[in-house]
1. Got a number for residues in segment 103-140 being charged (D, E, K, R) and either touching a Pro at 6+ places or on another chain (Cβ under 9 Å) or at pLDDT below 95 (or both)?
2. Hey, among Ile252, Ile206, which residue is in contact with a Leu (Cβ under 9 Å, 6 or more places away or on another chain) and either open to solvent by 70 Å² or more (accessible area, probe 1.4 Å) or within 18 Å of Met294 (Cα to Cα) (or both)?
3. Determine, yes or no, whether Arg320 is open to solvent by 70 Å² or more (accessible area, probe 1.4 Å) and in contact with a Leu (Cβ under 9 Å, 6 or more places away or on another chain).
4. Can you pull out the residues in segment 79-102 that are of a type in the set (Asp, Glu) and either at pLDDT below 95 or open to solvent by less than 30 Å² (accessible area, probe 1.4 Å) (or both)?
5. Looking at segment 58-78, is at least one residue under 18 Å from the mean Cα position of the chain (by Cα), surrounded by fewer than 19 Cβ atoms within 10 Å (Cβ to Cβ) and either hydroxyl-bearing (Ser, Thr, Tyr) or part of a loop (DSSP other than H, G, I, E, B) (or both)?
6. For segment 141-175: of the residues being part of a loop (DSSP other than H, G, I, E, B), modelled with pLDDT of 95 or more and aliphatic (A, V, I, L, M), which is surrounded by the fewest Cβ atoms within 10 Å (Cβ to Cβ)?
7. For residues in segment 1-15 being open to solvent by less than 70 Å² (accessible area, probe 1.4 Å) and assigned to a loop (DSSP other than H, G, I, E, B), which is modelled with the highest pLDDT?
8. In segment 245-269, which residues are assigned to a loop (DSSP other than H, G, I, E, B), touching a Gly at 6+ places or on another chain (Cβ under 6 Å) and over 21 Å from Leu211 (Cβ atoms)?
Amino acid sequence: MKEMKTVDAVGQILCHDITQIVKGVTKDARFRKGHVITEEDVPVLLSLGKDHIYIWENDETKMHENDAAEVLRQLCQNEHMEASEPKEGKINLTATCDGVFQVDEERFDAVNDLDDITIATLPQNMPVKKGQKLAGMRVIPLVIDKEKMEETRRVAGEGPLLRLLPYRKDLKVGVVTTGTEVFLGRIKDTFTPVIEAKLNAFDLTITEHRLSDDVKEHTERNIRELLDLGMDLILCTGGMSVDPDDRTPAAIRDAGAKIETYGAPVLPGAMFLLGYFEKDGRTVPVMGLPGCVMYSARTVFDMALPRIIAGDRITRRQIRHWGIGGLCMNCKTCHYPTCGFQH
């Protein structure tokens, strides 16, 4: 790359895109990398403030920013993602399906720690829609040493840095609603419709529904019955607090679930339970949902449900990390998941 006066650059090859910005009208490349400068281009370039221009000189030790962005794309792109063409040295990745976006944080941070390397993504474990931008990547200089890009490959290691877990389809979801007051018809069940609406957002419905009083053995029996019916996910509502007659956590445990956590550093949602059954060679998640899920717009359930539907196993350690970003701001207009809750 060599700098020269624009008026002397006729016939030379541009080595980078030149952007034209007209407020409220356009922000796009007026001239693209590889363009051969003509006499007619000179006044336009001068009007864009380019009294000097960078032209391409072949150098086997250097790599152009667009080519370097392509290296970063190769390190990042995974299934269910599509890449844009390089533009002004940058490549974007977008989702080709709905799902949960994830980053291999340790390797990703190691790559971003290298000088002149820049990759920006959506937050970890963010639910995304088809067509949503996932990541953008570029190097800082117009040209970069090829050895730097080889170092980047070495640091990145094997396998893509990013992944998108598609939501599973046709999951069988069983719900056990506990509470003597609901079981006997003293009050209306207002929890189940909320669960139904949350599932509908992922094109799922409640496959089997059971009502139980507060007797632990009855709740346990209903859970076992749903397992025997081949449910892929079991949700239990009611009986999740520490009151003496709230026995749902014990029923879930006694039904055979391995409990990852009872309690989560998330507000709303502190009394959340997550466990897993191993049944006939299958792993079946079970969640005990606290009452806040019924009346709060966003809770711990919204953090866990997308990952569970995508088939991601959530660990106790991960749940404990939710405390950072686990305080809902109760905004007047909810923008979840485009907010700090969970992230």
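The values are calculated or read from the model by the stated rules, or taken from the named source; none is laboratory data. Quick caveat, the model's predicted, so the values are computed rather than measured. Virtual Cβ from ideal backbone geometry, glycine too; neighbours counted across all protein chains shown. In case anyone asks, the SASA skips ligands and DNA or RNA and just uses the protein heavy atoms, side chains included. Shrake-Rupley method; radii C 1.70, N 1.55, O 1.52, S 1.80 Å.
1. We begin by selecting, within segment 103-140, every residue charged (D, E, K, R); these are 104-107, 109, 113, 115-116, 129-130, 133, 138.
From what's left, either touching a Pro at 6+ places or on another chain (Cβ under 9 Å) or at pLDDT below 95 (or both): 104, 116, 138.
Total satisfying the criteria: 3.
2. Sole residue among the options that is in contact with a Leu (Cβ under 9 Å, 6 or more places away or on another chain) and either open to solvent by 70 Å² or more (accessible area, probe 1.4 Å) or within 18 Å of Met294 (Cα to Cα) (or both): Ile206.
3. So Arg320 fails the test.
4. Glu85, Glu88
5. Yes; the residues of segment 58-78 include at least one that is under 18 Å from the mean Cα position of the chain (by Cα), surrounded by fewer than 19 Cβ atoms within 10 Å (Cβ to Cβ) and either hydroxyl-bearing (Ser, Thr, Tyr) or part of a loop (DSSP other than H, G, I, E, B) (or both).
6. Restricting to residues being part of a loop (DSSP other than H, G, I, E, B), modelled with pLDDT of 95 or more and aliphatic (A, V, I, L, M), the top hit is Leu171.
7. Val10
8. Residues satisfying the conditions are Pro265, Val266.
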